[in-house]
Amino acid sequence: MRKAKCNTLAAVLLFAAAPGAGAEKLIYHDIRLDAANKIVPWYGTGPSQAYDHVVRLLFNFWIEMRNCPNGVPMYMQHQVWKPDQEDPRGLGGDQINMALSSWNLLYGYLGDSRVRNNMTYMADYWLAHGMSGKNGRWANLPYPYNMELHSGVYDGDMRAGKGFLQPDKAASFGSELVGLYKMTGQHKYLDAAVAIADTLAAKVQPGDGNNSPWPYRVNAATGEIHKVVKDQKAFMAGYTANYTGALLLFDDLIALGEGNRAKYAQARDTVTRWFQAYPMKTNKWGPFFEDIPTEIWSDTEINADTLARYILEHPAWDAQWKRDAAAILDWSYKSFANHEWDKSGVIVINEQTAYKVPGNSHTSRHASVELLYCEKTGDMALKEAAIRRLNWATYMVDNDGKNRYPRDDNWLTDGYGDYVRHFLRAMASFPELAPDDQNHLLRTTSVIRDISYDADEISYAKFDSVSSERFKLGAWPPRSVSGGVMHWEPQTKVLTVEARRKTVRIVR
């Protein structure tokens, strides 16, 4: 793994200087530098103010977004937001999954009921308007795209056309549905997740260097793998390494004792063997984004770094977890490092090999996984550089909450669901990045069902009786915890609760 100078967070990292005369503008804001001429966030005195600020801006922008002519919110039918017109492109393939992933974390962080309500709205709408039929060869999976823009129906794939879907996005949706079941207790989400898992388990194949366990694009009714013939050469959409979501889906259902656990375990083992035999050795990570044509090969940062996060969070999955996570991070850095802002002390991350452009989501994702690596291994060599990347990514966010991709559009994928979660995960790894004057849940090993932050107490309910929660209590120190054992670190303002009940109360 690449080595960087090992520094602790110095004061120069935390306190920003005002931009000087002739300061360079980055998207919406003049770049602010510290005493060492390295980038700090555009807002506040440092990350602990800025990260919280942009996360709140983004959710408010999302929740207040205008509706399309048919009355459906723009984020349910468009992948790009524009201020004064309707963009002709439909939904992003993983857009809803990404939002569900981020909002799950955001609800625990804020305790805002609008976050949870938006999650159920998005999931309910997609389940009602976008699932393949029960009798097709790839039954009960979500279509990722609305072929007729404002039809309110998802019925195909942006490139492959009507009737095609992406099994990797279906797996991710299944995983998020399990989380939503844990949050709400509504069995319809669990039932839909089981149906997705059943189809994936029935269709899994061993895979090889040119074919993943499931194809990238497939016709739900016929089972045809999408093919493009160009210059007398056939290009098959049979490969992607974006199957971390499938591992998470099978993990959760097996742990819950739901569905056909034996089949899920077999499928999970098949996917595990394929990951370890091919992408983790060949670094052939393959496509993710729906707008890249089948005939154009592209390796993507998201596929690689998402698996690296899984490895770090599930060390039992990989006996060489530290080495392999480091190797993936090193590959993605070497493949996607962008040096346009070297003079500001930050190296940012490009999106993919077919589109070598720096991305807000990709830079923040890579940074958050680097910070998780630092946390899990105790090796802090990458910490400062990772925080600089997050600082850079804040500049994509305007004062009103729109989030613009550098030299591109306001993407509702990269700018919201696939952005917010990386800042929240970074705070969980290093709570000094969370606000020093507020109280927030940063991490739980369960799923939060309900949480309220009051003047003198925090009370929360969760899915599991036994769990561990990490809080940053900047507003006040805790006096006692009912429902668990507390470990309080007054210097860092970090509270760890080893919970033994489904409901817990922290008292000031």
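The values are calculated or read from the model by the stated rules, or taken from the named source; none is laboratory data. Treat the numbers as computed from the prediction; the structure is a model and nothing was measured. In this analysis, Cβ positions are derived from the backbone assuming ideal geometry, glycine residues included, and neighbour counts consider all displayed protein chains. Ligands, DNA and RNA are excluded from the accessible area calculation, which covers all protein heavy atoms including side chains. Shrake-Rupley method; radii C 1.70, N 1.55, O 1.52, S 1.80 Å.
General observations
- Segment R66-H150, extension gain: residue separation times 0.36 nm, minus the distance between their alpha carbons: 28.9 nm
- Sequence-distant residues sharing a close amide H with Q438 (under 5 Å, placed H): G474, A475
- Segment 122-130 - phi-based ³J(HN,Hα) in whole Hz, Karplus 6.51/-1.76/1.60, Gly and Pro as x: 4, 5, 4, 5, 5, 4, 7, 10, x
- Taking the 1.4 Å solvent-accessible surface of the chain as the whole, the part contributed by carbon and sulfur is 48%.
- Applying a DSSP loop filter and a limit of 12 other Cβ atoms within 10 Å to the trypsin sites (Lys or Arg not before Pro) in segment 405-490 leaves R407, R479.
- Global geometry of segment 217-262, whether rounded, prolate or oblate, following the gyration tensor of its Cα atoms and the 1.5 cut on a/c: prolate
- A cut-off of 5 Å between modelled amide H atoms, ignoring neighbours fewer than 5 places along the same chain, links G44 with no other residue.
- Across the chain, C-alpha contacts under 8 Å between residues 6 or more apart give a mean separation that, scaled by the residue count, equals a relative contact order of 17 percent.
- Filtered chymotrypsin sites (Phe, Trp or Tyr not before Pro), segment 275-324: DSSP coil and at most 12 other beta carbons within 10 Å: none
- Residue-normalised accessible area of segment 298-366, given per residue in Å² at a 1.4 Å probe: 33 Å²
- Taking a straight Cα-Cα cut-off under 16 Å and skipping sequence neighbours fewer than 8 places away in the same chain, the aspartates and glutamates within cross-link reach of K82 are E64, D398, D400, D408, D409, D414.
- Database remark: amide H of V348 closer than 5 angstrom to the amide H of N338, E340, W341 (H placed geometrically; neighbours at sequence offset of 5 or more, or on other chains; Pro and chain starts carry no H).
- Above-threshold pairs, the threshold being 21 Å between Cα atoms, out of K334/K383; K284/K356; K134/K263; K230/K356: K230/K356
- Rounded to the nearest Hz, the phi-derived 3J(HN,Hα) couplings of segment 411-416 under the Karplus curve 6.51 cos²θ - 1.76 cosθ + 1.60 (θ = phi - 60°) are 7, 7, 8, 4, x, 9, where x marks glycine and proline.
- Cα gyration tensor category, rounded, prolate or oblate, for segment 120-237 with a/c compared to 1.5: oblate
- Summed over the residues of segment 438-495 and divided among them, the accessible surface reaches 45 Å² per residue at a probe radius of 1.4 Å.
- For segment 179-188, 3J(HN,Hα) per residue [Karplus equation, 6.51 cos²θ - 1.76 cosθ + 1.60, θ = phi - 60°, Hz, x = Gly/Pro]: x, 5, 4, 5, 6, 9, x, 7, 5, 4
- Mean residue ellipticity (222 nm) of the chain, computed from DSSP H runs ≥ 4 via -39,500 (n - 2.57), nearest 500: -12500 deg cm²/dmol
- Counting only residues at least eight positions apart within a chain, or on another chain, the lysines with an alpha carbon under 19 Å from that of K493 are K472.
- Shown for the chain is the translational diffusion coefficient from the Stokes-Einstein equation, using the Kirkwood radius over Cα pairs, a temperature of 4 °C and a viscosity of 1.567 mPa s: 56 µm²/s.
- Straight-line cross-link partners of K343 among the aspartates and glutamates, defined as a Cα under 19 Å from its Cα and at least 8 positions apart when in the same chain: E24, D30, D34, E384.
- Residues of segment 77-190: accessible area per residue with a 1.4 Å probe, Å²: 32 Å²
- Pairwise alpha-carbon distances in segment 282-396 exceed 16 Å for 58% of all pairs.
- Plainly put, segment 350-475 has a radius of gyration that is 1.02 times its Kirkwood radius, both from alpha-carbon atoms, as the Rg/Rh ratio.
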